[in-house]
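This report refers to the structure that appears directly beneath it.
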Amino acid sequence: MTASIRTPWFWLTVAALALLSLFVLYPLANILTASVTGDGPSGWARLFDNPKYMQAIGNTLLLATAVTVIATLIGVPMAYVTARHTFPGKGLIALLPLITLVIPEVIAAQTWLMMLGNNGLITRSLREVGIRLPSFYGWFGLITSMSFIYYTYVYIGVVSAIARFDAQLEEAAQSLGTAPGKSRLKVMLPVIMPAILASALLVFTMTVGNFAISMILSHRLPLLSVVTYQAAVAEGASDITMQSTLASVSVLIVMAVLFVNRRIIRRGKYEIVQGRGAKPQPLRGMRGALVAALAGLVVLISLLPLISIIIGAFTASRGPVMQWGSWTLANLERVFVSAPQPLVNSLTYAGIATLISIIFSAMVSYLVVKKPNILTPFVDYVSAIPLALSGTVLGVGLLATFHGGWLPLSGTATIIVLAYVIRRMPFGMRNGQATLHNIPNSLEEASISLGVAPVATFFRVVLPVMLPAIISAAILTWTTTVAELSASILVYSGGRETLPIQVFRLIDSGLMAYASAYGLVLVTVILLPIIIAARVFRIDVFALR
Amino acid sequence: MGIRIDDLTVSYGKENVISGLSLDIPEGCFFTLLGPSGCGKTTLLRTIAGFVPAAGGSLRFGGIDVTRLPPHKRAIGMVFQDYALFPDKTVNRNVAYGLHARGERGPDVARKVAEALERVGLGHLGDRHPAALSGGQRQRVALARALVIKPAVLLMDEPLSNLDAKLRVQIRETITELQREANITTVFVTHDQEEALSMSDLIGVMNKGAIEQLGRPQEIYATPRSGYVADFVGAANRLAARLRPAGGGLVEADFGQGRILATDAREIPAAEGLLILRPESLHLSTAPEQGFQNLPATVRSRQYLGSKTSYRLDLGNGIEVMADLHGPGHDGFAPGAAVSLGIDASEARVIAA
Ligand SMILES: Nc1ncnc2c1ncn2[C@@H]1O[C@H](COP(=O)(O)OP(=O)(O)O)[C@@H](O)[C@H]1O
Ligand SMILES: [Mg+2]
């Protein structure tokens with residue numbers, strides 16, 4: 001170990017750890033301590049005194065539970081039929097991960113409103129034939145829209161587990177005299193259970209941390225992320241007691257979930273059986289048609305946002321009133337000509353963040369995987385912490401930490417980029433480490449034995465081999481950062497609106513046509529690199545998820 | 001350049017994997033480190049390469065101390081078990097990599113690369129990527145890549161282990177030919193005794209981080225100096241025996257069921273030792289034969305193996321030996337048959353227990 005101090009790798013590790021401490025640990029520490037160190041009564045006393053806060057916590061847990069259950073009930077059967085059967089239109093299901101990825105939550109929420117809100121297309125047409133739908137604001141809208149977004153995470157997580165599941169196990173159970181349906185349940189369920197639980201917990205944490213949909217659809221129903229945001233806006237950056245307390249609550253909830261998740265994964269290690277997956281069986285006749293219809297319906301509902309923003313972007317409006325059926329280019333003219341700043345900002349910030357993010361995660365995962373020293377485990381650990389921080393929590397932390405003081409970043413473009421980079425970091429690190437684990441050490445040793453120094457070897461051998469993975473990671477980073485809303489909306493200042501912030505503000509003002517236009521451009525900006533990667537570089541971005 | 005290792009100690013953390021090892025490999029020698037998995041072969045090879053630091057002792061290439069020199073300055077060529085070809089580069093660029101690292105450019109590089117590939121029989125595959133080559137071809141490219149830079153020493157860690165049996169024999173020949181041609185000092189690591197015996201000038205049999213016996217292949221096989229070496233290199237029947245000098249380099253070994261004259265290979269005279277009988281040095285017949293020391297035995301079982309038959313023989317009192325018979329009718333003794341076991345004194349050895 002002492003010898004490692006002399007290498008450049010050690011000093012790079014020190015630098016990485018210093019950056020992580022400053023931008024992750026320090027803000028987190030600020031949040032966790034500010035709840036008790038502020039003036040007046042402690043944040044915790046105020047939390048327990050105010051029924052609104054207690055309701056918000058209760059509602060959030062209830063909502064997360066409901067969404068988790070429904071998303072699992074949709075995602076698991078769908079994963080099963082697609083992994084084990086072929087049926088008409090199965091190819092459409094493959095689009096699912098793409099859909100969730102390209103549609104920012106803020107746009108999903110907006111389009112649900114455009115369809116089912118008080119003034120929505122479906123609400124109004126049904127009202128004309130005498131059917132009154134319940135108000136989409138509140139529980140109905142929250143649960144529906146979140147379930148139809150988050151079930152895809154269950155689907156993605158479980159479909160690979162079922163595909164990996166060894167069909168021989170099932171056959172063995174059948175050969176021992178268990179009926180096919182029963183043997184499947186008995187043998188497969190315990191094996192894929194860890195995957196189901198892990199993705200269910202992911203849905204749970206995402207619901208707890210959800211900002212965009214909660215803000216837009218909760219209306220008068222208090223939710224944790226909403227009251228945290230409101231506290232942050234009300235308190236500003238000088239008194240951070242209440243926002244920090246609420247943020248701490250959300251950190252504690254997510255940490256509890258992650259703790260459970262770790263236990264499941266640890267248990268799952270013994271249970272995941274790899275082997276020959278079963279060959280998908282065709283479903284014909286009525287059953288095939290039924291499954292196809294159901295799956296098609298789910299995909300259609302998932303696609304609804306895309307369809308409705310396309311329509312909305314070209315629909316004329318007068319103030320908040322959409323004039324359905326009369327078309328215009330005025331909305332897009334605004335995005336590109338009269339108010340292009342959000343587009344420019346988004347491209348700039350997400351571009352810089354993507355660049356920083358891939359360089360940082362490539363270098364740091366290299367250190368962790370290939371050049372471990374006493375500090376690298378800490379680097380690995382700290383870089384995973386943002387997983388436990390929702391965007392709102394991170395926003396509160398950054399705002400509280402870098403307002404004034406010796407590093408006054410609040411209101412600058414830097415802090416927005418910083419928020420993007422930090423939120424994406426755990427995923428970048430995971431991708432980078434997975435890629436590097438697949439590059440044998442002998443490759444570098446071969447280069448060194450041929451006379452190339454270790455640092456040069458990294459650039460000449462490791463980096464080129466990582467390149468396809470880095471391009472994929474860059475695209476994923478781009479798609480997620482360009483859609484980021486919950487942290488950036490807390491730290492941005494006037495003139496630095498990004499596309500999602502602009503969409504959010506327009507929805508807030510009820511200007512759906514303009515919101516659709518900005519939204520459509522946002523989706524295009526997200527989608528374009530994915531299409532280019534698939535067509536030009538033949539890279540399947542989603543293989544790496 | 002020869003390699004000289006003095007009092008070398010290597011450790012991972014607290015435990016020494018190698019302690020106080022000394023070894024002298026003459027210039028141009030094909031030296032093989034032979035031993036079972038986990039005995040420290042790779043560790044020693046990687047210490048010579050510089051990837052594992054020496055905790056103590058010294059390492060010299062041709063008289064120059066390289067103990068503290070980083071690996072990329074040691075002028076080594078390495079061949080790995082998993083080939084370690086750069087997957088994003090063509091065969092040509094893989095082979096040219098070390099030349100480029102040495103600042104060589106232009107037509108000279110292309111010529112050397114083409115020559116090197118020609119020599120391993122792959123002159124026509126320069127534009128392919130490694131993924132489009134078979135395992136044997138990949139290892140040939142790796143060999144060309146290591147040799148084209150004219151390294152001071154060539155280091156190979158089980159380079160044949162990932163190949164199937166037929167290819168292994170072919171590439172064995174390629175490696176020895178190229179090594180002789182370039183007269184390059186080579187350290188070759190393997191756990192396969194056949195590879196070691198067929199390729200090497202000198203073999204070091206390793207046991208628990210130490211070199212247990214050093215010698216030419218013939219010496220290692222014919223005169224193992226310990227039961228460990230005898231067992232690891234070739235098959236051996238080992239019988240505990242009481243020893244008595246018999247003059248003329250011979251010793252009388254009493255193993256309980258008989259007395260056998262054997263060649264004495266003990267370093268220190270001791271009254272107790274091991275009688276070593278190679279299965280293929282034993283003779284079987286229906287009646288005692290002239291020129292051999294004969295012992296009565298019963299055939300317990302036989303395994304017909306095509307070119308030979310392997311017999312398990314009972315010498316009485318629970319003492320069993322294996323005997324391999326070659327030649328016409330080698331499977332002619334049936335289980336249960338009473339036979340005579342013939343032993344040649346010059347092929348039987350006793351060693352210290
Ligand atoms: N990187 C390492 N860290 C700790 N112990 C190691 C490491 N590499 C090898 N060892 C240990 O050192 C011993 C020798 O290993 P090695 O040199 O790989 O043996 P061989 O190549 O003969 O199979 C083994 O007991 C092994 O467990
Ligand atoms: Mg080894």
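All of the numbers you see were taken from the coordinates with simple rules; none came from a lab. What you see is a predicted model; the values in this text were computed from it and never measured. Glycine gets a Cβ as well: all are built from the backbone with ideal geometry, and neighbour counts include every protein chain shown.
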- Highest-MSF residue in chain B out of B:P107, B:P53, B:P296 [GNM, Cα springs under 10 Å]: B:P107
- Spin-label proximity, B:S307 to the range B:313-353 - amide N less than 18 Å from point 7 Å beyond Cα toward beta carbon: B:323-331
- Note on the structure: Any residue on another chain or 5+ positions along whose placed amide H is under 5 Å from the amide H of B:M206 is listed here as B:L34, B:G35, B:E212
- Message: For the range B:190-208 and the range A:294-344, what is the centre-to-centre distance using only Cα atoms, to the nearest Å?
- Response: 75
- Item | Whole-Å distance, taken between Cα centres, linking the range A:26-57 and the range A:463-501 | 30
- Overall dimensions of the range A:1-91 by Cα: Rg and Dmax, Å: 24.5, 65
- Gaussian network model of chain B, Cα springs within a sub-10 Å range: biggest mean-square fluctuation belongs to which of B:V251, B:V189, B:V153? B:V251
- Query: Helix-derived [θ] at 222 nm for chain B: sum -39500 (n - 2.57) over DSSP H runs of at least 4, divide by residue count, nearest 500?
  - Reply: -7000 deg cm²/dmol
- Task: Could you work out the Rg to Rh ratio of the range B:286-353, with Rh taken as the Kirkwood radius (inverse of the mean 1/r over all Cα pairs)?
- Result: 0.97
- If a/c stays under 1.5 just call it rounded; otherwise compare a/b with b/c (prolate if a/b is bigger, oblate if not). Do that for the range A:454-536, with a ≥ b ≥ c from the square roots of the Cα gyration tensor eigenvalues. oblate
- Message: What distance in nm separates the two pseudo spin-label positions at A:V14 and A:W44, each 7 Å out from Cα along the beta-carbon direction?
- Response: 3.8
- Those helices of chain A passing the 30 Å axial Cα length cut-off and the mean Kyte-Doolittle cut-off of -0.5 (DSSP H runs only) are A:51-84, A:139-164, A:241-268, A:285-313, A:341-370, A:413-437
- Message: Please state the shape class of the protein assembly as shown: rounded when a/c is under 1.5, otherwise prolate if a/b exceeds b/c and oblate if not, all from the C-alpha gyration tensor.
- Response: prolate
- Residue by residue through the range B:318-326, which ³J(HN,Hα) values in whole Hz follow from phi under the Karplus form 6.51 cos²θ - 1.76 cosθ + 1.60 (θ = phi - 60°), with glycine and proline marked x? x, 8, 10, 9, 9, 9, 9, 10, 10
- What order, most packed first, do the peptides A:484-495, A:300-311, A:241-252, A:330-341 have when packing is the mean number of other Cβ atoms within 10 Å of each residue? A:241-252, A:484-495, A:300-311, A:330-341
- Taking a ≥ b ≥ c as the square roots of the eigenvalues of the Cα gyration tensor, with a/c under 1.5 meaning rounded and otherwise prolate when a/b exceeds b/c and oblate if not, the range A:204-270 is oblate
- What does the charge dipole of the range B:235-352 about its Cα centre add up to, to the nearest 20 debye, if the Cβ of each Lys and Arg holds +1 and the Cβ of each Asp and Glu holds -1? 180
- Dipole magnitude of chain A about its Cα centre (Cβ charges: Lys, Arg +1; Asp, Glu -1), debye to nearest 20: 1300
- Query: Quick one: net charge of A:P440's neighbours, Cβ under 11 Å, K/R +1, D/E -1?
  - Reply: -2
- Message: I'd like the distance between the alpha-carbon centres of the range A:81-147 and the range B:1-50, rounded to an integer number of Å.
- Response: 67
- Inter-probe distance in nm under a simple model that places probes 7 Å from Cα toward Cβ, at B:E181 and A:A163: 4.7
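State which entries of B:K41/B:K166; B:K112/B:K150; B:K73/B:K112; B:K89/B:K112; B:K14/B:K208 exceed 19 angstrom in Cα-Cα distance in the structure shown.
B:K41/B:K166; B:K73/B:K112
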- Message: Can you bin every Cα-Cα distance in the range A:61-161 into 5 Å intervals starting at zero and give me the percent of pairs per bin, rounded to whole numbers?
- Response: 2, 12, 18, 18, 17, 15, 11, 4, 1, 0
- Pop a pseudo-label 7 angstrom from the Cα along the beta-carbon direction at both B:S134 and B:D24 and give the gap in nm to one decimal. 4.4
- Query: Between B:K14, B:K89, B:K73, which gets the highest mean-square fluctuation from a Gaussian network model of chain B, Cα cutoff 10 Å?
  - Reply: B:K14
- Report the charge-dipole magnitude of the range A:46-313 in Debye, nearest 20, computed about the Cα centre from +1 at each Lys and Arg Cβ and -1 at each Asp and Glu Cβ. 820
- Task: Under a cut-off of 25 Å between alpha-carbon atoms, report the lysines in cross-link reach of A:K90, not counting same-chain residues fewer than 8 places apart.
- Result: A:K279
- Under 17 Å from the Cα of B:K308, which aspartates and glutamates turn up, not counting those fewer than eight places away in the same chain? B:E280, B:D324, B:D331
- Subtracting the Cα-Cα distance from 0.36 nm times the residue separation, let me have the gained length for B:F292 to B:H124 in nm, one decimal. 54.7 nm
- So if R0 is 22 Å, what FRET efficiency would A:S238 and A:D508 give, r being the distance between their Cβ atoms, rounded to the nearest 0.05? 0.35
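Quick one: length gained pulling B:E194 to B:A110 fully straight, 0.36 nm per residue minus the C-alpha distance?
Contour length minus the Cα-Cα distance gives 26.6 nm.
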- Message: What Kirkwood Rh does chain B have if only Cα atoms enter the pairwise 1/r average? Answer in Å.
- Response: 22.8
